[in-house]
Amino acid sequence: MDTILAATDFSPVTKAVVAQAISMTRGRPAGRIVLLHVVNPPGMAGSPDGYFTELVPLLDAMRVAGARRLKKWKEYLQYRQVRVKTLQVDGFPAFEILKQARKHAAKYIVLGSHGHSGIYDLLVGSTTSGVLKRSKCPVVVVRARPGAKKR
């Protein structure tokens, strides 16, 4: 089976990432898309008592929102007769994208680039860069277009 792992953070580049993944499955009878969303835990700021209970509702809300968006994208792809599996995991995006690519024997990884500056990437880190440096399969990077709208 030719699996395309399409990773999304639901930013405006998502539509272009999905379109690219669709085009890569066309003409492949055994082609399918694994649409992956990684819930990235917010920075862990400790509380005096050592508990992070205030993060639990935030993480839950992030998971619910992600599941809702994945469901919409799954319906969109199924309507276009694309074989799709959706998957949501918690963790650090680059690590989880690579892990799921291996797990699903992805032939390609498709992900978006937000086009942040080098300084931003140096300070915050770049998921795209991390995936490009460590991937065992080809990676297709879709660049965000100015003015793109969220779906």
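The values are calculated or read from the model by the stated rules, or taken from the named source; none is laboratory data. Just so it is clear, the model here is predicted, and its values are computed rather than measured. Here the Cβ positions follow ideal geometry from the backbone for every residue, glycine too, while neighbour counts run over all protein chains shown.
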Out of the residues in segment 23-57 meeting the condition of being at pLDDT 85 or above and basic (Lys, Arg), tell me which one is surrounded by the most Cβ atoms within 10 Å (Cβ to Cβ).
ARG32
Residues (closer than 16 Å to VAL142 by Cα, among the polar types (S, T, N, Q) and in contact (Cβ under 8 Å) with a residue 60 or more places away in the chain) located in segment 1-30
THR8, SER11, THR14, GLN20
Considering only segment 58-151, give the strands (runs of 3 or more DSSP E) lying wholly within it that have at least 3 residues that are closer than 14 Å to ALA19 by Cα and modelled with pLDDT under 95.
139-143
In this structure, does ALA19 turn out to be surrounded by 16 or more Cβ atoms within 10 Å (Cβ to Cβ), at pLDDT 95 or above and not acidic (Asp, Glu)?
no
